[in-house]
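Written out below as structure tokens is the structure these notes cover.
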Amino acid sequence: MEKPRLSRRRFLLGSGAVLGVAAGPRAARAQARRGHIIAGLSERMLTLDPANHYSISSTSVLRHVYDPLLDVTNDDKFVPALAESWKPVNNTTWRFTLRKGVRFHDGTPFTADSVLFTLKRVRDNTKLIKSFVYQDLEDVRKDDDYTVTVTTKRPFGSLPAHLTMLGMLPPGAAGNEDAFFGKPVGTGPFRFVSWTHGDHVDLEANAKYWKPALPKVEKLTVRFIPELSTRAAALRAAEIHVIDRVWPDMVSTLRATPGIKVLDTPAVEAQRWHFQLAREAGKDPRIRKAVSLAIDRNTIIKELLLGYARPVVSPIPPGLIGHTNLGQKPYDPDKARAILKQAGYQTLTLDFVLMKDLYPKQLEIAQAVAAMLSEVGIKVSIRNLEIATAREQRTAGNYDLFFSGWAHMPHDPDWYFGQWFTRAGAEKLTRFSDPRVEQLIAEGRVPDPKVRQQKYEEIEKILWEEEPEIWPYYSVAIYAISDKLRNFEARRDYYVLLHEVGIA
Amino acid sequence: MSRLLRQPMIVAGGVLLVAVIVASAAAPWLVAADPIKPVFGQRLQPPRGLGGAAGHPLGTDNLGRDILARLLYGGRISLVLAASAVALAAGAGVVIGLAAGLVGGRLDALVMRLADVQLAFPVIMLAIAIVAVVGTSPAALVSVLALSGWVLYARTVRAAVLTIRRLDYVEAARTLGAGDLRVVAVHILPNTLAPILVLGSSQFATMVLLESGLSFLGLGLQPPQPSWGLMLAEGRDYLSNAWWLATVPGIAISLVVLGANLLGDGLRDLLDPRLRQ
């Protein structure tokens, strides 16, 4: 059954190639594009507006429809997308040269007006979720149809990184955004077809995509399947071709299934459990130190995550600007006990708050940590709360330790520092406040990567010493795919990007 | 007593329940393993007979803890919580029902409308609201469960009171000078006992389910406490590679619910004069 089909397909392919050479590049391109990929993502998409989410799954879907000005590769290099080049003119000015000959799906050309519209919209409409990042934009000026100058109120070195996450819109969307986002157009490799809320999105190939010979498939469907076992079952039943967010415990089962490959890569994410610095326990650096010493990170990595995580050597994961090696935090329960005894703590209870079902295996890890801390005499009460409730509790400061991770989605740590280690950012989170760190963060916002690296190293040394957070491990992203997929790349930022992926 | 034993449902339900209760109560003597402390080297071992070690008859969970130990210690917690909830709900419901039936008038109207309002709220939503305000604790959990259950008793008792208080012998007792309290204690309460018993035993099953459900959703007990609902929740993620994590507590819940329901149905048949041959 299988053999004759294969040979027939191979025969057709061969003749197609011959015909393609004869009929010119156009026929060859049509020949190359075929098939239908179905992806299963863990998180539901909530919007078609590229400026109104920070969701990883929304990015995965919308990156196929809209192109950003810059792209970021899996090895953290910023590369041209709709901008052919960009450079800082001075500390508060960036100049972008745009790609020519790109058209939106509805045929309108992509020009400087698109960039002006997209950037001013995200800055001025403060209801948009990404708006806060762009508040620093002073002005967006059109020098000519393919050159744009952006001036900022203060140095904004991470602007190119943030722009990898902002899809460009046609200026025609202005005024009737509801209608536009009902049937959006971008410049991306796929056109939007339909979206069944909470269930799936259908896309079809954009035959006039500006990158030659892409995309490689005719149709792309993204299904939203939050539960891992359901997602994995659909992949094993060959209903879908790729799933994200596989758990370590699932890897061996999936590996043993014929036709399925498991891929993993170090993620741009560090787990970080932050202390409430205004409450008694978090306020005392000796307690923070004791907690850190009492946690056996290597056991968590080896026994619970089965090796699918890496030991932390600084708050910023490797590959990103600012990463440095400060050495692993030691595991020393005896020292932890001694510190607590010296500090005079007899009984100490920590409230450990989790956002329910958010991170793989979080409950298991939290229980392991509770057991480790009880060894040094700290009682941990785990509170596994609905995400909204947990966030309220965090804002109100009703926790000692909060289970959380930080994925550096723009591949740049400026956002993490600004959010968690400036007074304004941390006001409703950890109550962190340190003028030295604040100053260094401000100085680290310049475009010059050498200056940024140096400032960030200084920040990290302070944080490593003070330990306002526990950094237990850098995460590893695990995907499982059908072996029919060609050219799939396991992304460090958890995105499932299928522009260049083909299917056999 | 002999009539009781001739009811197969009561016997089967009773035996099931008693077996589970005794096993849970005797947990410290039946198993040596610690139900809370993780043993990292022994994660996800299958039950004995399916390739597991002899030390763990029902296997180990995702933190290497003995599942039998967690099941039995969890049974203690789940059963005690359900029983306290039933007791609290029945106590409050009976008092409220008696008061409404005897006093009547505005109090009656108020209480019964309150009951209607109560019935209009889904238990889970109520639980989310309460947990959001007071946080998760066994006491909060029992309160939520009791709050969801009192209406049943209040209505039953009120109806019984309204019927009984007009009966001739009650009137006779009153004429002879018996006060409200005596009428309630001697004449009315004993007559409502049968339906309360039936309600209580079938509600026990509901409470066990609800407690498991709330803990499963993260609104009840918090880990590392061994509760059946929590074990189910933790096991859910391992269904495809370690099915026993969720299956074992699932079977335990089913057995207790089955036992309590059988007992309740049997008691109803036994105590209902219309069903008596």
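The values are calculated or read from the model by the stated rules, or taken from the named source; none is laboratory data. This is a predicted model, so every value here is computed, not measured. Positions of Cβ are generated from backbone atoms using ideal geometry, with glycine treated the same way; all protein chains shown enter the neighbour counts.
Considering segment B:238-258, the residues that are within 12 Å of chain A (Cβ to nearest Cβ) and in contact (Cβ under 8 Å) with a residue 60 or more places away in the chain include one that is surrounded by the fewest Cβ atoms within 10 Å (Cβ to Cβ), namely B:N241. Of all the criteria given as (1) small (G, A, S); (2) under 21 Å from B:P224 (Cα atoms); (3) not in a helix (DSSP H, G or I), the one not satisfied by B:A53 is (2).
Summed over segment B:195-218, the residues that are within 14 Å of another protein chain (Cβ to nearest Cβ) and either β-branched (V, I, T) or touching a strand residue (DSSP E or B) at 6+ places or on another chain (Cβ under 9 Å) (or both) give a count of 1. Of the residues screened, A:E269 is not one that is more than 14 Å from chain B (Cβ to nearest Cβ), of a type in the set (D, E) and more than 22 Å from A:P315 (Cα to Cα).
Yes or no: segment A:446-455 includes at least one residue that is closer than 16 Å to A:M355 by Cβ and buried (at least 16 other Cβ atoms within 10 Å of the Cβ). Before you say what the answer is, go through the steps one by one.
Going residue by residue through segment A:446-455, those that are closer than 16 Å to A:M355 by Cβ are none.
Checked against the condition, which is being closer than 16 Å to A:M355 by Cβ and buried (at least 16 other Cβ atoms within 10 Å of the Cβ), segment A:446-455 yields no hits at all.
Are any of the residues in segment B:68-86 touching a Pro at 6+ places or on another chain (Cβ under 8 Å), farther than 30 Å from B:T192 by Cβ and within 14 Å of chain A (Cβ to nearest Cβ)? Yes, the conditions are met somewhere in segment B:68-86. Of these, A:E467, A:E458, A:E489, A:E500, which one is in contact (Cβ under 8 Å) with a residue 24 or more places away in the chain and over 25 Å from A:S42 (Cβ atoms)? The unique qualifying residue is A:E467. Listed here are the helices (runs of 4 or more DSSP H) enclosed by segment A:136-249 that have at least 1 residues being within 14 Å of chain B (Cβ to nearest Cβ) and either surrounded by 22 or more Cβ atoms within 10 Å (Cβ to Cβ) or touching a residue at least 12 places away in the same chain (Cβ under 8 Å) (or both): A:228-236. Do we find a residue being within 29 Å of A:D264 (Cα to Cα) and either more than 14 Å from every other protein chain (Cβ to nearest Cβ) or crowded, with 19+ Cβ neighbours inside 10 Å (or both) anywhere in segment A:277-293? The answer is yes, given that some residue of segment A:277-293 is within 29 Å of A:D264 (Cα to Cα) and either more than 14 Å from every other protein chain (Cβ to nearest Cβ) or crowded, with 19+ Cβ neighbours inside 10 Å (or both).
Limited to segment A:296-309, what total is found for residues that are part of a loop (DSSP other than H, G, I, E, B) and away from every other protein chain (no Cβ under 14 Å)?
Applying the first criterion (part of a loop (DSSP other than H, G, I, E, B)) to segment A:296-309 yields A:296, A:305-308.
Pick out the ones that are also away from every other protein chain (no Cβ under 14 Å) and you get A:308.
Residues meeting the conditions: 1.
A:L385 passes every criterion in (1) in contact with a Ser or Thr (Cβ under 9 Å, 6 or more places away or on another chain); (2) among the hydrophobic types (A, V, I, L, M, F, W, C); (3) modelled with pLDDT of 95 or more apart from (3).
Quick one: which of B:A19, B:A100, B:A89, B:A25 is more than 14 Å from chain A (Cβ to nearest Cβ), under 20 Å from the mean Cα position of the chain (by Cα) and surrounded by 18 or more Cβ atoms within 10 Å (Cβ to Cβ)?
On the way: B:A19 fails: surrounded by 18 or more Cβ atoms within 10 Å (Cβ to Cβ); B:A100 fails: under 20 Å from the mean Cα position of the chain (by Cα); B:A25 fails: surrounded by 18 or more Cβ atoms within 10 Å (Cβ to Cβ).
Only one candidate passes the filter, namely B:A89.
Counting only helices (runs of 4 or more DSSP H) that sit wholly inside segment B:178-277, those with at least 2 residues that are touching a Ser or Thr at 6+ places or on another chain (Cβ under 9 Å) and within 30 Å of B:A160 (Cα to Cα) are B:189-216, B:244-271.
When residues of segment B:177-220 are filtered for being over 17 Å from B:G93 (Cβ atoms), over 10 Å from the mean Cα position of the chain (by Cα) and hydrophobic (A, V, I, L, M, F, W, C), how many remain? Residues that pass the stated criteria total 9.
For segment B:33-64, which positions are of a type in the set (S, T, N, Q), without any contact (Cβ under 8 Å) to a residue 40 or more places away in the chain and within 13 Å of chain A (Cβ to nearest Cβ)?
Kept after step one, since they are of a type in the set (S, T, N, Q), are these residues of segment B:33-64: B:42, B:45, B:60, B:62.
If we keep only those that are without any contact (Cβ under 8 Å) to a residue 40 or more places away in the chain as well, we get B:42, B:45, B:60.
Within segment B:33-64, B:Q42, B:T60 meet the criteria.
One residue stands out in segment B:103-133 among those that are loosely packed, with under 14 Cβ neighbours inside 10 Å and among the small types (G, A, S): the one that is nearest to B:G220 (Cα to Cα), namely B:A129. With respect to the conditions (1) out of contact with any Gly (no Cβ under 8 Å at 6 or more places or on another chain); (2) small (G, A, S); (3) surrounded by 17 or more Cβ atoms within 10 Å (Cβ to Cβ), B:G177 falls short on a single one, namely (3).
Cβ separations smaller than 8 Å between residues 6+ apart or across chains give the following pairs from segment A:69-88 residues that are of a type in the set (S, T, Y) to residues that are at pLDDT 95 or above: A:T73/A:V79; A:S85/A:F96; A:S85/A:T97. Applying the criterion of being in contact (Cβ under 8 Å) with a residue 60 or more places away in the chain and within 12 Å of chain B (Cβ to nearest Cβ) to the residues of segment A:251-263, the residue that is farthest from A:L485 (Cα to Cα) is A:V251.
Of all the listed residues (B:E211, B:E171), the sole one being among the charged types (D, E, K, R) and touching a Lys or Arg at 6+ places or on another chain (Cβ under 9 Å) is B:E171.
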